[in-house]
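Below is one structure; the comments refer to it alone.
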Amino acid sequence: MAKVVKFGGSSLASAEQFQKAGSIIRADQERRYVVPSAPGKRFDKDVKVTDMLYACYDLASSGKEFKEQLRAIEARYQEIIQGLKLKLSLKEEFLTIEKNFNAGAGSNYAASRGEYLNGIIMADYLGYEFIDAAEVIFFKENGEFDADTTNKVLSERLAGVERAVIPGFYGSMPDGRVKTFSRGGSDITGSIVAKAVKADAYENWTDVSGFLVADPRIIENPQAIEVITYRELRELAYMGATVLHEEAIFPVRQEGIPINIRNTNAPEDEGTWIVESTCQKSRYVITGIAGKKGFCSINIEKDMMNSEIGFGRKVLQIFEENGISFEHVPSGIDTLTVFVHQDEFAHKEQKVVAGLHRVVNPDSIDIESDLALIAVVGRGMKSTRGTAGRIFSALAHGNVNVKMIDQGSSELNIIIGVDNKDFETAIKAIYDIFVTTRL
């Protein structure tokens, strides 16, 4: 039996937080593999160590003096070491980092040192073996993650290791250079390790007790989600729910390993379980609500569009040629609407309009800006009648004008388009009807 536990930056920002993490790990003998992030903020106006490293390397790469900044980073780690009363010195490690900064090791290398050094401290604190992620996690020549090689090497490396610490966020390129995942990538490392050891669970410890039905910045004290499926999570994460890096789902999903989002500061809370499938019904018809602002719609009208073979392909080809990705493409008999990110589209709009006229000869094109998209997600919607009607009713009651509604064929999610100014009002109205009042 084995669990992989990943701790986020806020969970390892200080010696006090390290002690909380240590108590959690020691409380369950199955917590055998630990993936640490770099130290996060200790207080509101503090700076994350990763950001300090980026800034420090920027100075080094510009030929400017950076030793003072590097000493400040060293002091952050020394504070943790002293607080844990460890007989550990990172002097040699910082001399190596200074040398590599001077040699132009790259910003990926610089950023990765946050997790690397925290991993050394965590291994020493727990008495676990330290395994450098650069030795077991690999990227291809083009920068893509090499899942097959990583899984083979990592599985073999951990087969004879009872307990280990593997730093998150980075791996190595074929030539040995350090390469990082995108920000928040320690979540991905935890998932990769869980797959390699065929873990019974992947526990992701952070500063919240799991996922919430809606954004707490919009809804005061929103209800927690007890169980959510991978597919539901993907839909919510794509639309802005950010507790877990969305790419962290894929490695464990292949093995059917559940993820448990837990709170380091409230370890007694059960948190949220992320699973492949479940017979457990949601407490509410919906599982969660998430959304983003900053979209625009391009509405294309043409009589008998539906009988014109290849019409949709030609339209989307113009967006592709201009390097613009689309979000949703609802359509009618004589209309097709493409929703795109406004900041991607704004400076290319006239090229796109000209291109559309060239390839599909539309009767008219109308562009609307400053829109928001909201995803209402839930496995319970499939077996519940009138979900879309209740959403319309809630939005009408809140005086929100609906610009678009699009339901996926899986009946797992409904996407609503509204004006940016109505974004918060719409989410409050939907939350109220499905969660607060359950009308």
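Some observations on this one:
- For the range 276-369, a/c is not less than 1.5, where a ≥ b ≥ c are the root eigenvalues of the C-alpha gyration tensor, and a/b tops b/c. That puts it in the prolate class.
- If R0 is 25 Å, the Cβ-Cβ spacing of residue 304 and residue 346 corresponds to a FRET efficiency of close to 0.20.
- Gap separating the Cα centres of the range 147-226 and the range 377-431, nearest whole Å: 32
- Bridgeable aspartates and glutamates around residue 91 (alpha carbons under 17 Å apart, same-chain partners fewer than 8 residues away excluded): 68, 74, 79, 115, 124.
- When the P(r) of the range 47-111 is calculated, the portion above 20 Å amounts to 25% of the C-alpha pairs.
- Percentage of interatomic Cα-Cα distances in the range 238-293 larger than 18 Å: 48
- Between the helical axis of 311-321 and the longest alpha-carbon principal axis of the chain there is an angle of about 40 degrees.
- Beyond 34 Å, the tail of the calculated P(r) for the chain holds 43 percent of the Cα pairs.
- To the nearest ten degrees, helix 186-196 and the longest principal axis of the Cα atoms of the chain are 80 degrees apart.
- Each part reduced to its alpha carbon centroid, the range 51-115 and the range 352-369 end up 53 Å apart.
- Rg over Rh for the range 184-226 works out to 1.11, both radii taken from alpha-carbon positions and Rh defined as the Kirkwood radius.
- A simple rule links phi to the HN-Hα coupling: the Karplus curve 6.51 cos²θ - 1.76 cosθ + 1.60 with θ = phi - 60°, which for the range 202-219 gives 10, 9, 10, 8, 9, 10, 10, 8, x, 7, 10, 4, 8, 5, x, 6, 10, 9 Hz, with x for Gly and Pro.
- Once the C-beta distance of residue 276 and residue 399 is scaled by a Förster radius of 45 Å, the resulting FRET efficiency is 0.65 to the nearest 0.05.
- In loop segments of the range 201-295 as defined by DSSP, the trypsin sites (Lys or Arg not before Pro) with at most 11 further C-beta atoms inside 10 Å of their C-beta are 217, 281.
- Degrees between helix 147-159 axis and first principal axis of the chain (Cα, 0 to 90, nearest 10): 40
- Mean accessible surface per residue for the chain, computed with a 1.4 Å probe while every protein chain stays in place, in Å²: 46
- FRET efficiency for the residue 28 to residue 79 pair, using the beta carbon distance and R₀ = 25 Å, is estimated at 0.35.
- The range 176-294, accessible surface, carbon-and-sulfur percent (1.4 angstrom probe): 45
- Of all accessible heavy-atom area on the range 345-421, the percent that carbon and sulfur account for (1.4 Å): 46
- Among the GluC sites (Glu not before Pro) in the range 36-103, those placed in a DSSP loop whose Cβ has at most 15 other Cβ atoms within 10 Å are 65.
- Prolate/oblate/rounded call for the range 130-208, Cα gyration tensor, a/c under 1.5 rounded: oblate
- Restricting the GluC sites (Glu not before Pro) of the range 135-203 to loop positions (DSSP other than H, G, I, E, B) with no more than 15 neighbouring Cβ atoms within 10 Å leaves 141, 144, 162.
- Residue pairs, from the table 6/152; 302/351; 64/293, whose Cα atoms sit over 31 Å apart: 64/293
- Length released on extending from residue 255 to residue 62, taking residue separation times 0.36 nm less the Cα-Cα span: 65.0 nm
The values are calculated or read from the model by the stated rules, or taken from the named source; none is laboratory data. Quantities reported herein were computed from a predicted structural model and do not represent experimental measurements. Cβ coordinates were reconstructed from backbone atoms using ideal geometry, including for glycine residues, and neighbour counts include every protein chain displayed. Side chains are part of the model used for accessible areas, which takes the heavy atoms of the whole protein and leaves out ligands, DNA and RNA. Shrake-Rupley method; radii C 1.70, N 1.55, O 1.52, S 1.80 Å.
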